[in-house]
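Since every read-out is calculated from the coordinates, none of them should be taken as a lab result. Remember, it's a predicted structure, so these values are computed and weren't measured experimentally. So basically every Cβ, Gly included, is an ideal-geometry build from the backbone, and we count neighbours across all protein chains shown.
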């Protein structure tokens, strides 16, 4: 029935991990701080990073699903989300990228496809988290994708066996206990010190956004926008700071994590948002690859075409694997297509310190911004929003995560 890292008894014995932060750091282990282990291993051997990714990703999807009332999924790499999403419709590009039927796909599978489609390249070898029990449809999809593991609150019959067979039976399958709650206090040790603090238990809900939008006409902040911004807040709570997220239609389309300057995160996530949108250009999708090219490699090449900066060597190699020659988007066509991107929300885990974040966000179709406000230049930030026709919701909580 799996190895406790969860037990129905008061078993708090430490469990040995495959290794620590790096393979040369042996003798790593994990121990429970409470009598009820929050997770158990159904297949595979976790490393320290596997556990960090899994627990962080599970916390995100659990909170997102609870806050938004629908299934949620996340794709985690190095303790940060490459993408996160709620269940929802798939466009033709996402469906084709992952080989699913957009008209027939189930709720949980759609949530993960939307999460992974935010940045398929970054999601290579990801830790997957979903808020509901894994069903046969999702297991069949994951069987075909390059991923390292999954955490979920349950698994339908036979799905564990399907997943466990991945990667020569090294795929990690973790079952989260949805009833387990972490302790009220958290601690970490570094440099001979132990730092203790209360866990961030602030509830993120639509009420928070409704309060911020109370003085605005309802048509300026429709319910779909509130859902996007709420998802963004939840995502950033579980993303290393400084962090920003671009959100659209219930999914992240660009996440910027762990940048020392917020504007760098805004630019980085904006570039990812542009790439997500440019992948949807008909010319990028029309590229035909030889049958021997694996789906992930084809997606990688489409990303490079969307980014628009192929070098001579890449062009030469790409020419050997496509049919009909390499077609790159002219600068004018790229700009025209990007101007069609609209309806994007932007969320920041801390106050926007300068208007440059607004100016940058406006280049990527942003129409709503949610941020704490309160910086010495918040007046300039608000003025920038007015100039760009962006609705700003201030008074959000600071959600730093380190």
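Quick check: residue separation of residue 340 and residue 158 times 0.36 nm, minus the Cα distance between them. What number comes out in nm?
Using 0.36 nm per residue and subtracting the Cα-Cα distance, I get 61.1 nm.
Annotation: extensible slack from residue 321 through residue 333 equals 1.9 nm (criterion: 0.36 nm per residue apart, minus Cα-Cα distance). Over the chain, the pair-distance histogram of Cα-Cα distances with 20 Å bins from zero comes to 27, 56, 17, 0 percent, rounded to whole numbers.
Checking the a/c ratio against 1.5 first, then a/b against b/c, what shape does the Cα gyration tensor give for the range 259-402?
Verdict is prolate for the range 259-402.
Taking the chain as a Gaussian network of alpha-carbon nodes connected by springs under 10 Å, the highest mean-square fluctuation of the residues 317, 78, 281 belongs to 317. For a label point 7 angstrom out from the Cα of residue 91 toward its Cβ, which stretches of the range 233-250 have the backbone nitrogen within less than 18 Å? Within reach of a label on residue 91, which here means backbone N under 18 Å from a point 7 Å along Cα→Cβ, the range 233-250 contributes 246-250.
The DSSP beta bridges internal to the chain are antiparallel in roughly 70% of cases. Dividing the summed helix terms, -39500 (n - 2.57) for each DSSP H run of n ≥ 4, by the number of residues in the chain produces a 222 nm estimate of -10500 deg cm²/dmol to the nearest 500.
Whole-percent P(r), the range 15-182, all Cα pairs, 10 Å bins from 0: 11, 41, 36, 10, 2. Sorting the segments 193-202, 86-95, 160-169, 144-153 by their residues' average number of neighbouring beta-carbon atoms within 10 angstrom, most packed first, yields 144-153, 86-95, 160-169, 193-202. When the chain is treated as a GNM with alpha-carbon contacts under 10 Å, the residue of 321, 347, 130 showing the greatest mean-square fluctuation is 321. For the pair residue 45 and residue 144, a Förster radius of 25 Å applied to the C-beta separation gives a FRET efficiency near 0.65, rounded to the nearest 0.05. Counting 0.36 nm for each residue step from residue 377 to residue 201 and taking away their Cα separation leaves a gain of 60.5 nm.
From the alpha carbon centroid of the range 39-71 to that of the range 244-314 is 25 Å.
Compute a Gaussian network model of the chain, connecting alpha carbons closer than 10 Å, and tell me which residue from 284, 39, 234 fluctuates the most. Per the Cα network of the chain with a 10 Å cutoff, 284 tops the list.
DSSP finds beta bridges in the range 15-182, and of those with both partners inside it, around 65 percent are antiparallel. Put simply, the convex hull of the Cα atoms in the range 77-136 casts, on average, a shadow of 4.1 nm². Shape index of the range 282-328: Rg/Rh, with Rg the Cα radius of gyration and Rh the Kirkwood radius from the inverse mean 1/r over Cα pairs, equals 0.90. Once label points are set 7 Å from the Cα along Cα→Cβ at both residue 35 and residue 121, what is their separation, rounded to one decimal in nm? About 5.1 nm, to one decimal.
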